[in-house]
Amino acid sequence: MKNLLIALILLSFTPLTTQAQETTEKNTDSLYYNALDLYKGKEYGESLKLTNRALEIAPEYHDIRILQIRNYWALNQPDQADQDLNLLLKEAPHYVDTKPLALQRIGKYNAKKGALQFIAELENIYTNDTSLKIQKAQLLLSLRRRKEAREIALKTIEDSEISGADRYVLQIILNRTVSNEVAVNYQLNNFSDVYEREPWHTISADFQHNINRTAIIGRVNYTDRAYDQGTLYELEAYPVFNDRMYGFVNAGVSDGTLFPNYRGSASFFYNFAQIFEAEIGGRLLGFSDSSFFTGILGLTAYQGSFYLNARTFLGPERLNQLVQNYQFNIRYYFGNADNFFFGRLGSGISPDERVIYTSVQNNPGLEAYYFNVGINKSLGVHHIIQLGGGYLFEDVNTETKGNQLLANIMYRYRF
């Protein structure tokens, strides 16, 4: 009888308890959505009042605490925001929105050294996290601690499981961690018998200097075609406007014998949807009696360890024929951004093929197809070597077809 009485008493309180819990949940949900509406309407102070009240009722309601942090940020009260963020990192570090919020906090530190300290604390929570490593490398780079930034980027990019978007960002970091580069490239063009000509030999030497986020390159190209020699002098730059946009500009002059009298190039690149990069640009070549313009469109995708690129060069119009080049480029990265296999398939010849483009000006209607493959390999921190080879099939004239064996070797030193 006594036990029955206790059971009846407990049952009588259960609906009340359940009702109280439901009321509390409804109240906090209502407070949260009202506070969210006020936040969206930029009424941050009023929104903060509601998040404070809601957290008194339900201190473990993480979405409300996250909204409260955003209110504090909007009201420029970082100390109060940090108190809530630290609590969130302690109590719910793996809640879906906690880490993104912490990564966002890194960019809000006025002192970059303070941001590095905050990253160090996050590394204890999110071990081996790629996004955190990228943030750290970017901060070190902004502090001009290039060697440390490069070490992190090199180690991170070796992970074959990282996304194409992360690989793209890491490649940009690696490019910015080098101050100077010198390179020498040798190219051989060997012709089939129908050409009745000796092999061509071309040597290029360039020096690259990076100023903050812009790479500036000076280059000399010398070609020996047995019957004549020629030299092309070039200056080019890759200005970086922000994390999504960069450009390419080039200017070159020669004596006009085997290369154009002058050449000018420009392209604009834009990264979008994280893994894609679009290109639009043009090339202008000037000869003794005329000049020719070529338009360029390109699209690149960074997918895992692959770089996939399609480009088209349209123009100029010569002898009532529109000169066209279509090409597909592929790279497979292994290890880091300096280690990759590459390949290219193309129809037509683009103005970027400085050595073999001459024939296009004289015979714009003739067809050409080519492919090349190779490897780019780093040897330690400073040394890079590239080996490549390919084949070109083309119309020598309207009745004769020929082919060329293409080969090149390049050595690059970074310091």
Carbon and sulfur atoms: what percent of the 1.4 Å accessible area of the stretch 273-415 do they account for? 60
Computed helical MRE - 222 nm, the chain, DSSP H runs ≥ 4 contributing -39500 (n - 2.57), nearest 500: -11500 deg cm²/dmol
Mean Cβ-within-10 Å packing, highest first, puts peptides 135-144, 399-408 in the order 135-144, 399-408
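Which peptide among 35-42, 67-74 comes first, and what is the full order, when sorted by highest mean count of other Cβ atoms within 10 Å? Don't skip to the answer; put the middle values down first.
Values: 35-42: 15.4, 67-74: 21.9.
Those peptides, ordered most packed to least, come out 67-74, 35-42.
By accessible area of protein heavy atoms, probe 1.4 Å, what ranking do F269, F313, F276 get, highest first?
Sorted descending by solvent-accessible area, the residues read F276, F269, F313.
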Note down the relative contact order for the chain as a percent, whole number, built from C-alpha pairs under 8 angstrom at least six residues apart. 10
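So for S163, S254, what's the accessible-area order with a 1.4 Å probe, most first?
S163, S254
Which percent of the Cα-Cα distances in the stretch 158-237 go past 20 Å?
On the way: 1761 of 3160 pairs.
Counting every Cα pair in the stretch 158-237, those more than 20 Å apart make up 56 percent.
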Please name which of I134, L87, I106 has its Cα lying farthest along the dipole of the stretch 66-147 towards the positive end, using unit charges on Cβ (Lys, Arg +1; Asp, Glu -1) and the Cα centre as origin. I134
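Set the Förster distance to 22 Å, then compute FRET efficiency between N86 and K49 from the Cβ-Cβ distance, nearest 0.05.
On the way: r = 22 Å, r/R0 = 1.00.
Using R0 = 22 Å, I get an efficiency of 0.50.
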Residue separation between D289 and Y186 times 0.36 nm, minus their alpha-carbon distance, gives in nm 34.0 nm
Once you have a ≥ b ≥ c as the square roots of the Cα gyration tensor eigenvalues for the stretch 371-415, tell me rounded if a/c is under 1.5, and otherwise prolate or oblate according to whether a/b is larger than b/c. prolate
Kindly flag which residue pairs out of K99/K136; K40/K136; K42/K136 have an alpha-carbon separation exceeding 26 Å in this structure. K40/K136; K42/K136
State, as an integer percentage, the relative contact order of the stretch 46-113 based on alpha-carbon contacts under 8 Å between residues 6 or more apart. 23
Fraction of accessible area attributable to carbon and sulfur, the stretch 160-251 (%, probe 1.4 Å): 56
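With +1 assigned to the C-beta of every Lys and Arg and -1 to the C-beta of every Asp and Glu, and no other charges, what is the dipole magnitude of the chain about the Cα centre in debye, to the nearest 20?
Working: 40 positive and 45 negative charges, 229 e Å.
Here the chain has a charge dipole of around 1100 debye.
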At 1.4 Å probe size, with every protein chain present, just tell me what the per residue accessible area of the chain comes to in Å². 54
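Once you sort the root eigenvalues of the Cα gyration tensor of the stretch 114-163 as a ≥ b ≥ c, which label holds: rounded (a/c under 1.5), prolate (a/b larger than b/c) or oblate (the other case)?
Numbers: a/c = 2.43, a/b = 1.11, b/c = 2.18.
It comes out oblate by the Cα gyration axes.
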Using a/c under 1.5 as the rounded threshold, could you call the stretch 204-327 rounded, prolate or oblate? The axes a ≥ b ≥ c are square roots of the C-alpha gyration tensor eigenvalues, and prolate needs a/b larger than b/c, oblate otherwise. oblate
Checked against the structure, the computed volume of the Cα convex hull per residue in Å³ among [x] 158; [y] 194; [z] 208 is the one labelled [z]
Where does each of 93-103, 43-53 land if you order them by average Cβ count within 10 Å, highest first? 43-53, 93-103
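The values are calculated or read from the model by the stated rules, or taken from the named source; none is laboratory data. Remember, it's a predicted structure, so these values are computed and weren't measured experimentally. Glycine also receives a Cβ, built like all others from the backbone with ideal geometry; neighbour counts cover every protein chain displayed. Protein only, heavy atoms only, side chains kept; ligands, DNA and RNA dropped before computing areas. Shrake-Rupley method; radii C 1.70, N 1.55, O 1.52, S 1.80 Å.
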